[in-house]
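Here is the structure we will look at, set down as structure tokens.
Here, each number is a calculation from the coordinates, and none is a lab measurement. Computed from a prediction, not measured in an experiment: that's the story for all the values here. Positions of Cβ are backbone-derived with ideal geometry, glycine not excepted, and every protein chain shown enters the neighbour counts.
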Amino acid sequence: MLIIVEGPPSSGKTALSYRLKTAIAKKYGPDSTTVLSGHQGSSLRLRGENYARLYLNRLEDYVPGGDEHIICDEWHWGLPAYQKIYSPSTYVQPAVFNYVDARLAALGAVIVHRNPTQEAIERRMQQRNPFLRAQPRIIRQLAEIRESYSDLSGQSLTTVLPPNSSVPLIAQTAEHAAEKVKQPATDWPWYVGPPNPEAILIDVDYTSTETLFPNNHS
């Protein structure tokens, strides 16, 4: 299974990730589950790291329904959510975001959107660093980031679970999603994307009926 935990700062992403790891390890064994951190994404992006490669290459060997289970702590929503307050070099094109999101959907990913109230985020941030209480600029930025995460949750092609989802429910949903996308080998590609795309480019010989409709599928 592939579980992605997203949300603004101090929303409990890391704590939930490790609760999930503990629960899944009890069922599948201590070596079955890995937690990957995407927190370093911002600094890598600022150094010119490719956004899509950053978040997809690390999942290259993952097989849905296999023996490996992965939990991603703050994955591909982070940079788009923070780009309002970062420099233009961090901008992620919507088409690139949708591509990464579609690839994750094809892997059966399940996203948990941690979304506490603005007051709860401020309280947790101030508990970590009391000096934030005197910095309204940071509080304002937190509100913008939280709003961005909410917008992204409505754009995702993956299954997005609400913040109050229990650990057993998250694991069960992710398990079912992984089994659902586990498909037998086929000579015709599977499409994952918007239900009504403007165009689809497929590398085929359009003059050949056999190529366009393999096995006489129309």
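Take the Cβ-Cβ distance between Thr117 and Thr159 as r, set R0 to 22 Å, and report the resulting FRET efficiency rounded to the nearest 0.05.
E(calc), rounded to 0.05, equals 0.40.
Please list, in order along region 17-23, the HN-Hα scalar couplings obtained from phi with the Karplus expression 6.51 cos²θ - 1.76 cosθ + 1.60 (θ = phi - 60°), rounded to whole Hz, x for Gly and Pro.
Once θ is set to phi - 60°, the couplings for region 17-23 become 4, 7, 5, 5, 4, 4, 5 Hz.
Please compute the length gained on full extension between Asn129 and Tyr99, using 0.36 nm multiplied by the number of residues separating them and subtracting their Cα-Cα distance.
Extra length from Asn129 to Tyr99 when fully extended: 7.1 nm.
Given the peptides 76-82, 164-170, arrange them by the average over their residues of other C-beta atoms within 10 Å, most packed first.
In descending order of packing, they fall as 76-82, 164-170.
What are the ³J(HN,Hα) couplings of region 157-173, residue after residue, when phi is run through the Karplus curve with 6.51, -1.76, 1.60 and θ = phi - 60°? Round to Hz, x for glycine and proline.
Calculated HN-Hα couplings, in order: 7, 7, 6, 10, 8, x, x, 8, 5, 6, 4, x, 5, 4, 5, 5, 5 Hz.
Give the long-range amide H neighbours of Leu36: residues separated by 5 or more places, or on another chain, with amide H under 5 Å away, using H modelled in the peptide plane at 1.01 Å from N.
Residues meeting the criterion, in which the H sits 1.01 Å from N, are Ile71, Cys72, Asp73.
What is the packing order of peptides 103-110, 23-30, 151-158, taking the mean over residues of other C-beta atoms within 10 Å and listing the highest first?
Values: 103-110: 21.6, 23-30: 13.8, 151-158: 16.2.
In descending order of packing, they fall as 103-110, 151-158, 23-30.
Using 0.36 nm per residue, how much length does the chain from Glu179 to His39 gain when fully extended, once their Cα-Cα distance is taken away? Write out the running numbers ahead of the final one.
Details: separation 140, 0.36 × 140 = 50.40 nm, distance 2.83 nm.
Result for the pair: 47.6 nm of gain on full extension.
Would you kindly derive the ³J(HN,Hα) couplings of region 59-66 from the backbone phi angles with the Karplus curve 6.51 cos²θ - 1.76 cosθ + 1.60 (θ = phi - 60°), listing them in order in whole Hz, with x for Gly and Pro?
Couplings: 10, 4, 8, 6, 10, x, x, x Hz.
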